[in-house]
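Asker: First the structure, which I've put down as structure tokens, then a few questions once you've had a look.
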Amino acid sequence: MPIRVLPALLIDQIAAGEVIERPASVVKELAENALDAGATHLEIEVEGGGVDLIRVSDDGHGIEGSELARALERHATSKITSADDLARVASLGFRGEALPSIASVSRFSLISRTSDAPQAAAIEVDGGAPGTVRPTTHRPGTTAEARDLFYNVPARRKFLRSAATELAHVRRAVLRLALARPEVSFALASHGRALMTVAGAGDRAACEARLAALLGEDFLAHALYLEHSASGLKLSGWLGAPTAAQSQSEHQYTVVNGRVVRDRLLASAARQGYHDVLFHGLQPAYVLYLELDPGQVDVNAHPAKLELRFRDGGLVHSFVSRSVAQALAATRPTAIGPGPARGSFVPTAAAATEPDRSGPPPRSLAGALDWTVLASRPSPAPPVPPLGYALAQLHATYVLSETADGLAVVDMHAAHERVIYERLKAEAAAGPVPRQSLLVPITIEVEEAEAEAALEHAEALADFGLVLNRIGPSTIALREVPVAFPDRDLGGLLRGALRELAERGHTERISAGTDRILATLACHAAVRSQRVLTVPEMNALLREMERTDRADQCNHGRPTWVRVTMPELDRLFLRGR
């Protein structure tokens with residue numbers, strides 16, 4: 001076939017194939033335009049799952065009547081003016097492709113009015129052919145309407161799912177936008193039936209009420225608030241408690257400079273922050289907001305702008321993972337307990353204080369308990385520590401403790417395991433990792449870029465106890481290793497670490513390997529089930545738990561204790577009815 005220039009309509013339809021996957025994509029693009037126009041309220045209505053109708057109305061700045069037709073031309077935008085602007089993109093959409101792409105595959109209309117215009121202007125487009133601009137009535141703002149999506153591209157339309165499935169995608173798209181912009185109110189309706197209505201939020205309390213409406217009360221009840229700033233980066237949001245993790249990752253949302261993204265680096269960093277507090281295979285829930293200089297991130301790495309490129313990915317990964325890990329370190333027994341417990345981590349303001357451990361000394365249960373003893377035993381004087389005071393041991397496995405508001409049941413092995421593990425990690429971090437020389441160096445073949453990474457990061461690797469040098473373009477020799485590392489783990493561990501160093505400029509693999517060894521040592525050193533403890537020993541364990549980071553979970557992510565409140569006990573025995 002001869003080389004020729006494609007028709008304008010076909011060019012727009014090809015562009016639509018990149019950004020318009022389904023009705024939810026249209027909703028996203030039109031809503032983002034509204035947000036870029038300064039809208040504080042969005043009304044979104046769909047029919048037929050968005051195939052028959054998508055209407056997005058906003059109260060933004062609006063478009064001048066004289067510019068309405070130009071807005072539908074390819075690469076027409078008010079958001080950038082030069083190549084320099086691409087280095088600091090602060091808007092959600094800037095390519096100028098969304099409107100002409102949508103208009104090329106639907107029956108499209110656009111009505112807009114600026115606040116100082118006497119009347120609104122409207123234009124209609126049928127399959128990419130624009131009509132003339134005409135005057136009409138409309139409040140200040142814009143309404144964009146797309147009907148019969150893909151009516152002129154049957155090959156695309158047949159790949160759409162049922163109306164119910166497409167509507168579910170639309171709801172998720174609006175949910176993500178509402179999470180990204182808590183200050184903006186959103187209303188979503190289908191065939192006139194309201195599906196989602198959330199008001200704009202101006203403070204943390206309002207944001208949390210809105211979050212509960214969007215993600216459910218259960219998420220908020222198990223969430224920990226996070227706020228942390230360092231190195232020009234700011235991370236805030238809500239972390240789901242490790243004990244509330246689920247098998248699916250559906251409630252993992254990351255927002256970067258007001259844009260919801262699905263970025264692998266950020267997902268990896270958040271996952272790393274949950275290291276050693278999650279049960280096997282479970283996924284944490286979180287809503288995280290990352291703010292940084294727009295010049296430090298490239299939002300033009302994906303047609304739908306869902307993935308990013310950071311100028312210093314290593315810094316961002318380290319900041320996010322450390323911020324999450326530091327916040328989760330506060331998941332220790334408190335006066336409100338685990339599970340439904342909630343708290344905050346704001347290192348830039350005031351960190352959580354140590355629990356008050358004053359009160360009566362541990363009591364002894366010498367001899368057999370009888371009703372007289374139970375009736376005459378004095379109640380603990382306030383303030384009572386979060387885990388209270390031990391009463392007894394159940395089946396030589398659980399510690400039963402009286403708290404200020406009920407009963408705490410502690411898995412003594414799981415709790416002691418976490419206490420020992422955190423102590424070992426602190427000791428390991430306090431000094432250089434002990435290492436030993438190998439009689440015969442281990443030769444490892446790697447990619448050339450990985451060998452260069454080994455040379456570049458040799459000093460950092462030595463801090464972890466790994467001393468090596470490059471003996472060929474793609475060959476390294478490992479000469480010293482950490483004393484605690486078994487030989488069988490070294491080859492795979494080092495290859496994985498060098499791969500991450502070459503790709504990201506940092507690695508968490510070695511520290512994770514060290515943590516696995518320390519966790520194994522802690523598990524073997526912790527008290528085992530069937531060991532009988534004295535009351536002072538049980539109280540000593542409770543006090544250690546209150547001082548230990550991440551003490552709400554064992555090293556494997558299982559809960560270490562549960563609380564049963566007096567109202568819950570009263571309900572069990574039908575008291576007060």
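Asker: List, please: which pairs have Cβ atoms under 8 Å, are six or more places apart or on different chains, and start with a residue in the range 382-406 that is free of Cβ contacts under 8 Å to residues at least 60 places away in the same chain and end with one that is of a type in the set (D, E, K, R) and assigned to a loop (DSSP other than H, G, I, E, B)?
Answerer: Once the first residue is free of Cβ contacts under 8 Å to residues at least 60 places away in the same chain and sits in the range 382-406, its partners that are of a type in the set (D, E, K, R) and assigned to a loop (DSSP other than H, G, I, E, B) give Pro383/Asp356.
Asker: Counting just the residues of the range 63-85 that are farther than 28 Å from Gly131 by Cβ and not in a loop (DSSP other than H, G, I, E, B), which one comes out nearest to the chain's Cα centre (by Cα)?
Answerer: Checked the range 63-85; the qualifying residue nearest to the chain's Cα centre (by Cα) is Asp85.
Asker: Could I ask something else about it? In this structure, is Glu291 in contact with a strand residue (DSSP E or B) (Cβ under 6 Å, 6 or more places away or on another chain) and surrounded by fewer than 19 Cβ atoms within 10 Å (Cβ to Cβ)? Lay out the reasoning, then the answer.
Answerer: Values: in contact with a strand residue (DSSP E or B) (Cβ under 6 Å, 6 or more places away or on another chain): yes; surrounded by fewer than 19 Cβ atoms within 10 Å (Cβ to Cβ): yes.
In short, yes.
Asker: Give me a count of the residues in the range 491-517 that are modelled with pLDDT of 70 or more and farther than 24 Å from Gly313 by Cβ.
Answerer: Total satisfying the criteria: 1.
Asker: Follow-up question, since we're still on this one. Limited to the range 143-169, what total is found for residues that are touching a Lys or Arg at 6+ places or on another chain (Cβ under 8 Å) and outside any loop (DSSP other than H, G, I, E, B)?
Answerer: Counting residues in the range 143-169 that are touching a Lys or Arg at 6+ places or on another chain (Cβ under 8 Å) and outside any loop (DSSP other than H, G, I, E, B) gives 7.
Asker: Considering only the range 545-568, state which residues are more than 15 Å from Phe279 (Cβ to Cβ), in a loop (DSSP other than H, G, I, E, B) and hydroxyl-bearing (Ser, Thr, Tyr).
Answerer: Thr548
Asker: So which of Leu9, Leu42, Leu35 ends up being over 32 Å from the mean Cα position of the chain (by Cα) and either touching a residue at least 12 places away in the same chain (Cβ under 8 Å) or under 26 Å from Leu179 (Cβ atoms) (or both)? Talk me through it step by step, then tell me what you get.
Answerer: On the way: Leu42 fails: over 32 Å from the mean Cα position of the chain (by Cα); Leu35 fails: over 32 Å from the mean Cα position of the chain (by Cα).
Step by step, each of Leu9, Leu42, Leu35 is checked, and only Leu9 is over 32 Å from the mean Cα position of the chain (by Cα) and either touching a residue at least 12 places away in the same chain (Cβ under 8 Å) or under 26 Å from Leu179 (Cβ atoms) (or both).
Asker: Is it true that Arg88 is in the same structural domain as Arg156 (by TED's automatic domain parsing) and within 28 Å of the chain's Cα centre (by Cα)?
Answerer: yes
Asker: I've got another one for you. List the residue pairs whose Cβ atoms are under 7 Å apart, where the first residue sits in the range 98-115 and is surrounded by fewer than 22 Cβ atoms within 10 Å (Cβ to Cβ), the second is modelled with pLDDT under 90 and assigned to a strand (DSSP E or B), and the two are 6 or more positions apart or on different chains.
Answerer: So the pair list comes out as Arg107/Asp126.
Asker: Next question, about the same structure. Checking Glu124 against (1) surrounded by fewer than 20 Cβ atoms within 10 Å (Cβ to Cβ); (2) under 24 Å from Arg259 (Cα atoms): exactly one of these is not met. Which one?
Answerer: (2)
Asker: Moving on. Here are some residues: Arg134, Arg139, Arg88, Arg157. Which one is touching a residue at least 40 places away in the same chain (Cβ under 8 Å), touching a strand residue (DSSP E or B) at 6+ places or on another chain (Cβ under 8 Å) and exposed (fewer than 15 other Cβ atoms within 10 Å of the Cβ)?
Answerer: Of Arg134, Arg139, Arg88, Arg157, the one residue that is touching a residue at least 40 places away in the same chain (Cβ under 8 Å), touching a strand residue (DSSP E or B) at 6+ places or on another chain (Cβ under 8 Å) and exposed (fewer than 15 other Cβ atoms within 10 Å of the Cβ) is Arg139.
The values are calculated or read from the model by the stated rules, or taken from the named source; none is laboratory data. Please read these numbers as outputs of a predicted model, since none were measured by experiment. For neighbour counting, all protein chains shown are included, and Cβ atoms are generated from backbone atoms with ideal geometry for every residue, glycine included.
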